[in-house]
1. What tally of residues in the stretch 47-93 results from selecting those that are β-branched (Val, Ile, Thr), open to solvent by less than 60 Å² (accessible area, probe 1.4 Å) and assigned to a helix (DSSP H, G or I)?
2. Please go through the stretch 69-85 and give me each residue that is under 36 Å from the mean Cα position of the chain (by Cα) and either at pLDDT 90 or above or of a type in the set (Asp, Glu) (or both), ordered by number.
3. Output the number of residues of the stretch 105-128 satisfying the condition of being of a type in the set (S, T, N, Q) and either surrounded by fewer than 15 Cβ atoms within 10 Å (Cβ to Cβ) or assigned to a helix (DSSP H, G or I) (or both).
4. Checking residue 26 against (1) in a helix (DSSP H, G or I); (2) modelled with pLDDT of 55 or more; (3) open to solvent by 100 Å² or more (accessible area, probe 1.4 Å); (4) of a type outside the set (Gly, Ala, Ser), which single condition isn't satisfied?
5. Applying the selection to the stretch 129-159, what residues are more than 20 Å from residue 46 (Cα to Cα) and open to solvent by less than 80 Å² (accessible area, probe 1.4 Å)?
Amino acid sequence: MTNAGDPGNQGSTRKRREAPVMPTADEAAAQGPGTAPPKLVNYSFWLWIGAAVFAVVGSGLAFTAKDGMIQDAVDRNNDPNITPEQIADGANTLLWSLFIGSVVLAVFYVLFAYKMRDGNRSARNWLLGFTIVTVLFQLLFGTIIGLFSGLLTVVAIALLYTASTRDYFPHNRR
């Protein structure tokens, strides 16, 4: 007597499903979007790393001008209710806020640059947004080093939107 549910039964009307097999690392890499990024994408990646370094270094160097900045603010102060100590505290808070903000921005530059180098289109779009924010901020409040960092981001993002890199960032169709 044979069991109809027995997989060895040739007369069974049930089809046996095979479990999906995970691809090997080499097969997965071959299936991914563009295994090797175009040269312009690699150049852009290193420009993003450079922009991150210049952003942090530029905001760190602002501490060297702290005393002059405080003295200028004290000299321009017309309000007798504001003491020089309050101005110094405000300058310290401002400089530390800018430094921490630039470190966070640099981390985002590096994170999204790595994702962009893997062909992630949304990472490229995030980098475009960071470029716009960086350039606007640097034009309003920037130093020479900060402006150079902004220039690096503009060149880096321009490389990502050239015709030769367009196919590396596939559209996500839903």
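The values are calculated or read from the model by the stated rules, or taken from the named source; none is laboratory data. Everything numeric in this text was worked out from a predicted model, so none of it was measured. For neighbour counting, all protein chains shown are included, and Cβ atoms are generated from backbone atoms with ideal geometry for every residue, glycine included. For the accessible areas, the whole protein counts, side chains as well, though only heavy atoms, and no ligand, DNA or RNA atoms are used. Shrake-Rupley method; radii C 1.70, N 1.55, O 1.52, S 1.80 Å.
1. Selection size over the stretch 47-93: 5.
2. So the first thing to find is which residues in the stretch 69-85 are under 36 Å from the mean Cα position of the chain (by Cα), and the list is 69-70, 72-73.
Within the stretch 69-85, just 72 meets the criteria.
3. 2
4. Unmet condition: (2).
5. 138, 142, 143
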